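Working notes, beginning with the structure itself.
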Amino acid sequence: MTKTKGLLVMDVDSTLVQEEVIDLLGEEAGVGQQVADITERAMRGELDFRQALEERVATLKGLPESIFDKVYARIHFNKNAKELVAELHARGYKVGLVSGGFHETVDRLAAEAGIDYVKANHLEIKNGLLTGRTWGDIVTKEVKLQKLKDWAAENGLDLLKTIAMGDGANDLPMIQAAGIGIAFCAKPIVRQQAPYQINEPDLYKVIEILDEVKK
């Protein structure tokens, strides 16, 4: 078995993909603006993420399970997402996703892009309808940081051999803990505190940073 050389852990909404999936779900529920406003405030670090998530998920109560197919069709990978994953795999890296979004869409994105690990939230569904609640652990900033550590440990990697990337306030702890921490088209608070920045929506820029750091 080849030894893993490194690990990239990244956020999903507005990082791996262009959209905020919870906002798309909100639009389908007819509460798009309300949900988007809460998302924006949470991303800027003005709201507790758990509280913001509960508020947004509550607005989705009664939506049919089939909503995920409709929403998935509206999601777009950011530029060079699959190329980044392929290049990292070629270099002996593993790739993980940590998302305040939902397994119902994130698992499909991971399968499509060939991602190794996924941690996201679960929406509760009963009799084919969303209940307006989640189940299981909520993916907070602490959970994102923990998954970076867990997946690194699983592969016998020091955190110096890891890359973490995201755009929102809840990505900051993992960005600051990783060997290479990247703010990707991020909110001002993240850009101010991240060691590296990518300010155009092209995920392959990660490779440029990686090569620069290795020089």
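Specify which residue in the list Q33, P195, T15 is farthest towards the positive end of the charge dipole of the chain, using unit charges on the beta carbon of Lys, Arg (+1) and Asp, Glu (-1), about the Cα centre.
P195
Under 14 Å from the Cβ of T4, count the other residues' Cβ atoms, weight Lys and Arg +1, Asp and Glu -1, and hand me the total.
Details: positive: K3, K5, R91, K94, K161; negative: D116, D150, E154, D158.
Result for the neighbourhood of T4: +1.
Modelled label-to-label distance, E142 and A73, 7 Å Cα→beta-carbon offset: nm?
Placing both labels 7 Å along Cα→Cβ, they lie 4.1 nm apart.
Give me the percent relative contact order of the chain, please, defined on Cα pairs under 8 angstrom at least 6 residues apart.
This gives 25 percent for the chain.
At a 1.4 Å probe radius, carbon and sulfur cover how many percent of the accessible area of segment 13-98?
On the way: 1730 of 3840 Å².
Whole-percent figure for carbon plus sulfur exposure: 45.
Whole Å is fine, so just give me how far the alpha carbon centre of segment 164-215 lies from that of segment 78-94.
Spelled out, the Cα-based centre of one part sits 16 Å from the other.
Quick check on the chain: of the DSSP beta bridges with both residues there, what percent are antiparallel, nearest 5%? Mind showing how you got there, number by number?
Details: 6 of 28 bridges.
Of those bridges, close to 20 percent are antiparallel.
Between R44 and N199, 0.36 nm times their residue separation minus their Cα-Cα distance comes to what?
Working it through step by step, the gained length comes to 54.1 nm.
The chain: Rg/Rh from Cα coordinates, Kirkwood Rh?
Radius of gyration over Kirkwood radius for the chain works out to 0.96.
Taking the Cα centre of the chain as the origin and placing charges on Cβ (Lys, Arg +1; Asp, Glu -1), which of L53, L145, G132 is farthest toward the positive end of the dipole?
Of L53, L145, G132, it is L145.
Have a look at M165, I209, I67 and report the one farthest towards the positive end of the charge dipole of the chain, computed about the Cα centre with Cβ charges (Lys/Arg +1, Asp/Glu -1).
The Cα lying farthest towards the positive end belongs to I209.
Mind checking the per residue accessible area of the chain for me, 1.4 Å probe, whole number of Å²?
Ligands and nucleic acids excluded, the figure is 45 Å² per residue.
Assign unit charges at the C-beta atoms only (+1 for Lys and Arg, -1 for Asp and Glu), then state the dipole size of the chain relative to its Cα centre in Debye, rounded to the nearest 20.
Here the chain has a charge dipole of around 600 debye.
The values are calculated or read from the model by the stated rules, or taken from the named source; none is laboratory data. Being a predicted model, the structure only gives us computed values, none of them experimental. Every residue, glycine as well, gets a Cβ built from its backbone with ideal geometry; the counts of neighbours run over all protein chains shown. For the accessible areas, the whole protein counts, side chains as well, though only heavy atoms, and no ligand, DNA or RNA atoms are used. Shrake-Rupley method; radii C 1.70, N 1.55, O 1.52, S 1.80 Å.
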